[in-house]
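What follows is a single structure, written as structure tokens, with notes after it.
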Amino acid sequence: MPEKNALPVAEISDTATHNAAVAPAAKSTEVMCESPSLPEYNSPSSLVRQLQGLRTRMARVETTYADRIERVWADRKASARNLLQYVSLRQQDLRSLQENLLRRGLSSLGRCEANVHATLNEVIHVLQQIEGQCGAGEGPAEVDFERGRELLDQSTSRLFGGRPSQGGAHIMVTMPSEAAHDRTLVSDLVAHGMDCMRVNCAHDGPAAWQGMIENLRRACCEQQRECKVLMDLCGPKLRTGPIEAGPAVLKWRPRRDALGRVTAPARIWFHDEDAAAAPLPADASIPVVGKWLIELRPGDIVRLKDARSRKRRIRIVERGPGGAWGESDQTAYVTPDTELRHDRKGKSQREHGRIGAIVPTEGYLTLRRGDPLLLCDEHKLGAPALYDEQGQLLRPSMIGCTLPSVFRDLKRGERVLFDDGKITALVDAVHANYIELEVIHAGPHGTRLRADKGINLPDTDLHLDALTEKDLQDIAFVVEHADIVGYSFVRREEDVEQLQRELARLGNPDMPIVLKIENRQAFERLPSLLIAALRSPASGVMIARGDLAVELGWQRLAEVQEEILWMCEAAHMPVVWATQVLESLAKTGIPSRAEITDAAMGVRAECVMLNKGPFITEAVRVLSDILRRMKDHHAKKRPILRRLRLADDLLPLSVEDETGHRV
């Protein structure tokens, strides 16, 4: 029986309650289990007792959480038990034990994820033989070494189909909009190794999605290939709202060398305000009102005073269909108030030209460290700070938030990150319709914040539904046309259960799901999320490394992605290695050395995801080749088993042995 202070099963996925309950125990255990700098060279019998203690604790944990295992899909119960065993193991600091085992040339437990019980049994058996002892009659482990590999292979096949064509890992590709009508693009991706098409429901719509899927089915039929379709629900996206437009102004400037000499004049296209813009690339396209434009001829000079009252001249070089081309060696800013006049053969024309409507520039805020900022509801138009003539602040900068319902969850002192962490602010005060923030991180000369940029709340325990109204509409299409549903913004076990109920309501309870781990809450509750996902016959995890880096800090990304890989292997759960894989290659056609190495590391996962780009077909070909080469060389390195706090999500540190001692 668990200690009376142990968390009830129903409360384990509640991070706030759970952390408060286990924090004191976690602290004392960290001290109790701290590995000495020079590990004691323990006797085999002492090591056997330590390992048997770990095994006993795992058995008690398994008994304590038997009801959760019972709810898991029948064929995945063994995986759930192995996950619980691994979580129990990783709540201990085993570094000293590892060193002692390594000194004897034995397994250090560093590759036990897929078969925890079997690994302990084998090490105990060898140590007992060293001591000349007979085994204690421990029965065979449910998941032995071969079975661990089989369970992961089975889970991967159920999710992504048969073995990938290149043999290393499956390749998932995010579809660009043109895939809806470009059959050749989709066919080439399949031919070069794409095993899974990803359709992002945040873009395009049902008609385009249907076109993408039809093109894929046709390509697979022609090439006798299998390729799954994953449709990714967009979830509740926190983004900045619109910002009031900037001034209506056009700017051009010539190109200059290092000494400031003009190497190429600015090209300016004059056209009727109702006509189309420039037929060729131009530095500026100026709409003109009335018939003034008709009089322009090559060799004429257009004169003006720009918005800074500086005299500027433009030489007309040729007429074109619907307008005239001019060149200028001077930088200029023009507005609808700017007057134009042109000279011909030294005689100034009397009629002045007027510039037509100019599209206002995109609005933005420039934020610096120490600046106040108001985060408002979606109805408030963003605007820069307002100052008086003496430079005194009259009104701080303000920006809208697409989901102001998060305001109720924010607390003073929590961080708010904008635009992938380029700007960080702290909550100063919370009000019903707005939040007072102070910018604590921005560029040395300020950082621009624009509309429709992401907002992250890494310190906040959000209570948003993971399924939005849009998701509930899209999921009907997903169930009918896709093979896998991708689940964004998942944070807690209840979110997984909500999706599973919705799939059952739509008549497809067995539909495979992939949980997108993209925020702090999802990472910290990963074991609970995995247990919930095991209730589906097929499921996987996507490591959204870009979002995780923003939420948890770039410096932690390497550590975090390793921990996710360990936990998922313990649950025999397929993993998708995602975010910026071969991004430079996909976008520019030229890869970087760092991203080639990163792509090679993806062989440790069961699937690697590429994002769209002009050179995506080449990126698929290169990735397929990398994975094919790596599969024959790669072996996972031995982890150092310090105490893993991530393990505390699922289990309290309060399981005792028969003598009342915590194990």
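The values are calculated or read from the model by the stated rules, or taken from the named source; none is laboratory data. Just so it is clear, the model here is predicted, and its values are computed rather than measured. Ideal geometry is used to build each Cβ from the backbone, glycine not excepted, and the neighbour counts take in all protein chains shown.
Residue check, residue 556 against (1) touching a residue at least 40 places away in the same chain (Cβ under 8 Å); (2) over 19 Å from residue 79 (Cβ atoms), all met but one. Which one?
Condition not satisfied by residue 556: (1).
Please go through (1) closer than 27 Å to residue 324 by Cα; (2) more than 40 Å from the chain's Cα centre (by Cα) for residue 390 and return the number of the only condition it doesn't satisfy.
Condition (1) is where residue 390 drops out.
Consider only pairs whose beta carbons are under 6 Å apart and that are at least six residues apart or on different chains; among these, list those whose first residue lies in the stretch 312-337 and is part of a strand (DSSP E or B) and whose second residue is among the polar types (S, T, N, Q).
Final answer for the pair search is 312/330; 314/328.
Exactly one of these conditions fails for residue 431: (1) touching a Pro at 6+ places or on another chain (Cβ under 8 Å); (2) more than 19 Å from residue 453 (Cα to Cα). Give me its number.
(1)
Cβ contacts < 8 Å: first residue within 9 Å of residue 617 (Cα to Cα) and surrounded by 17 or more Cβ atoms within 10 Å (Cβ to Cβ), restricted to the stretch 182-195; second residue small (Gly, Ala, Ser) and at pLDDT below 95, any location; separation 6+ or different chain. Result?
192/624
Just one of 273, 244 is within 30 Å of residue 435 (Cβ to Cβ) and of a type in the set (Asp, Glu); which is it?
Selected residue: 244, the only one of 273, 244 that is within 30 Å of residue 435 (Cβ to Cβ) and of a type in the set (Asp, Glu).
Against the condition in contact with a Pro (Cβ under 8 Å, 6 or more places away or on another chain), small (Gly, Ala, Ser) and in the same structural domain as residue 512 (by TED's automatic domain parsing), how does residue 168 come out, does it pass?
no
Considering only residues that are part of a helix (DSSP H, G or I) and either on the phi > 0 side of the Ramachandran plot or not aliphatic (A, V, I, L, M) (or both), which ones fall in the stretch 216-235?
Matches in the stretch 216-235: 217, 218, 220, 221, 222, 223.
Scan the stretch 465-501 for residues that are part of a strand (DSSP E or B) and β-branched (Val, Ile, Thr) and jot them down.
484, 485
Rundown of residues vs (1) surrounded by fewer than 20 Cβ atoms within 10 Å (Cβ to Cβ); (2) touching a residue at least 12 places away in the same chain (Cβ under 8 Å); (3) more than 24 Å from residue 408 (Cβ to Cβ); (4) not acidic (Asp, Glu), yes/no style:
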| site | (1), (2), (3), (4) |
| --- | --- |
| 459 | yes, yes, no, no |
| 479 | yes, yes, yes, yes |
| 486 | no, yes, yes, yes |
| 506 | yes, yes, yes, yes |
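Tally time: how many residues in the stretch 584-612 are in a loop (DSSP other than H, G, I, E, B) and either within 17 Å of the chain's Cα centre (by Cα) or free of Cβ contacts under 8 Å to residues at least 12 places away in the same chain (or both)?
As a first pass, look at the stretch 584-612 and keep what is in a loop (DSSP other than H, G, I, E, B): 589-592, 605-606, 611-612.
Those left that are additionally either within 17 Å of the chain's Cα centre (by Cα) or free of Cβ contacts under 8 Å to residues at least 12 places away in the same chain (or both): 590, 592, 605, 611-612.
Residues that pass the stated criteria total 5.
Taking the conditions exactly as written (surrounded by 12 or more Cβ atoms within 10 Å (Cβ to Cβ), within 30 Å of residue 418 (Cα to Cα) and either in the same structural domain as residue 441 (by TED's automatic domain parsing) or over 41 Å from the mean Cα position of the chain (by Cα) (or both)), does residue 375 satisfy them or not? Before you say what the answer is, go through the steps one by one.
Numbers: surrounded by 12 or more Cβ atoms within 10 Å (Cβ to Cβ): yes; within 30 Å of residue 418 (Cα to Cα): yes; either in the same structural domain as residue 441 (by TED's automatic domain parsing) or over 41 Å from the mean Cα position of the chain (by Cα) (or both): yes.
Here the answer is yes, as residue 375 does meet what is asked.
Being surrounded by 14 or more Cβ atoms within 10 Å (Cβ to Cβ), at pLDDT 90 or above and under 30 Å from residue 461 (Cα atoms) is true for just one of 96, 13, 79. Which residue is that? Walk me through it before giving the result.
On the way: 96 fails: under 30 Å from residue 461 (Cα atoms); 13 fails: at pLDDT 90 or above.
Testing whether each residue is surrounded by 14 or more Cβ atoms within 10 Å (Cβ to Cβ), at pLDDT 90 or above and under 30 Å from residue 461 (Cα atoms) leaves just 79.
Looking at residue 107 and the list (1) buried (at least 20 other Cβ atoms within 10 Å of the Cβ); (2) in contact with a Ser or Thr (Cβ under 8 Å, 6 or more places away or on another chain), which single condition is not satisfied?
Condition (1) is where residue 107 drops out.
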